[in-house]
1. With (1) small (Gly, Ala, Ser); (2) more than 21 Å from residue 262 (Cβ to Cβ); (3) away from the ligand (no atom under 16 Å from the Cβ) as the list, and residue 225 as the residue in question, which single condition is left unmet?
2. Between a first residue in region 114-132 that is free of Cβ contacts under 8 Å to residues at least 60 places away in the same chain and a second residue that is in a helix (DSSP H, G or I) and more than 12 Å from the ligand (Cβ to nearest atom), which pairs have beta carbons less than 8 Å apart while being 6 or more apart in sequence or on different chains?
3. Sort through 113, 105, 100, 122 and tell me the only one that's modelled with pLDDT of 95 or more, more than 16 Å from the ligand (Cβ to nearest atom) and in contact with a Ser or Thr (Cβ under 6 Å, 6 or more places away or on another chain).
4. Can you name the residue in region 31-67 that is open to solvent by less than 10 Å² (accessible area, probe 1.4 Å), outside any helix (DSSP H, G or I) and more than 16 Å from the ligand (Cβ to nearest atom) and is also farthest from residue 14 (Cα to Cα) among such residues?
5. Tell me, yes or no, whether region 8-25 has at least one residue that is out of contact with any Lys or Arg (no Cβ under 9 Å at 6 or more places or on another chain) and either without any contact (Cβ under 8 Å) to a residue 24 or more places away in the chain or assigned to a strand (DSSP E or B) (or both).
6. Counting only residues that are at pLDDT 95 or above and open to solvent by 60 Å² or more (accessible area, probe 1.4 Å), which one in region 249-269 is nearest to residue 22 (Cα to Cα)?
7. With the requirement that a residue be of a type in the set (A, V, I, L, M, F, W, C) and open to solvent by less than 20 Å² (accessible area, probe 1.4 Å), what does region 138-170 give you?
Amino acid sequence: MAKIGIFDSGYGGLTILEAIRRELPQYDYLYLGDNARAPYGTHSFDVIYRYTLQAVKYLFEQDCALVILACNTASAKALRTIQQNDLPRINAERPAGHKVNVLGVIRPTVEAVPAMTKTGHVGVLATPATVSSESYVLELEKIASNLTISQQACPMWVPLIEAGEHNSSGADYFVEKYIREILSKDAQIDTLVLGCTHYPLLKEKIAQTAKNIGIIAQGDLVAKSLADYLSRHPEYREQLSLNASCTYLTTENADRFSQSASNFLAAEISAKHIDL
Ligand code: DGL
């Protein structure tokens, strides 16, 4: 029987995993953080695609029928190419009844935007790679052509969070800096999308700085979208085992991952090291 794989460049995907396990506790999950090569957000397309494909193939080899790219950078840069070029080849070699798929986090997130904004002015906060891909702008334009969208790359946020410095005064400085920059692009923004799975750890600081602005975080949106997807796709749902378990894998040191993961999860966990 198969598991659901959750992939992120590092710890950020744990915010998605937690929400998915709240919504769908019955399934078995395999979390993989490529911490040794994070952050992805400052790499080029080729590198992000190659790293993401390695991780996805690894998770398929570990019996994952579905892999969620719980990383906006990987979703923006690698999802479409994997779905169009790699999955058909991978599935052609698999027996009937054991087909696999990869899903991203951007589409479920943008679907929440039109109901949230009143001014129609929306800001997207993301890594440099996600911003340069324009994925949020393109996806938002597909579902609502009347929005004014501004983007802000926040290159310091992921390193601060990965270093456990998200409650520090350094984090205050960089939250204020990027919020000021995006609001100076458009003062009518009433909705900010946290387009990186690490950013929920800065949500309180962001809310204190961006007063009276709605903030969209992704966890619950991705979880609900996955529940809906599984209800419509028995070909994947019926492959999934139901032991309510979760295994954590990292390309970094396992003890280091286990300790830092407690910043993201309420529970203590124990991770295993793997090489990709
Ligand atoms: N958490 C990832 C995202 O959602 C990216 C972090 C990174 O730059 O590696 O974009």
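The values are calculated or read from the model by the stated rules, or taken from the named source; none is laboratory data. Please read all numbers here as calculations on a predicted model, not as lab measurements. For neighbour counting, all protein chains shown are included, and Cβ atoms are generated from backbone atoms with ideal geometry for every residue, glycine included. Quick note on the areas: whole protein, heavy atoms, side chains included, nothing else; ligands and nucleic acids left out. Shrake-Rupley method; radii C 1.70, N 1.55, O 1.52, S 1.80 Å.
1. Going through the list (1) small (Gly, Ala, Ser); (2) more than 21 Å from residue 262 (Cβ to Cβ); (3) away from the ligand (no atom under 16 Å from the Cβ), residue 225 breaks only (3).
2. 114/143
3. Values: 113 fails: in contact with a Ser or Thr (Cβ under 6 Å, 6 or more places away or on another chain); 105 fails: more than 16 Å from the ligand (Cβ to nearest atom); 100 fails: in contact with a Ser or Thr (Cβ under 6 Å, 6 or more places away or on another chain).
None of the other options fit; the residue is 122.
4. That would be 65.
5. Yes: region 8-25 contains one or more residues that are out of contact with any Lys or Arg (no Cβ under 9 Å at 6 or more places or on another chain) and either without any contact (Cβ under 8 Å) to a residue 24 or more places away in the chain or assigned to a strand (DSSP E or B) (or both).
6. Among them, the one singled out is 255.
7. Pass one, region 138-170, residues of a type in the set (A, V, I, L, M, F, W, C): 138, 140, 143-144, 147, 149, 153-154, 156-158, 160-161, 163.
Of everything in region 138-170, those that are of a type in the set (A, V, I, L, M, F, W, C) and open to solvent by less than 20 Å² (accessible area, probe 1.4 Å) turn out to be 140, 144, 154, 157, 158, 161.
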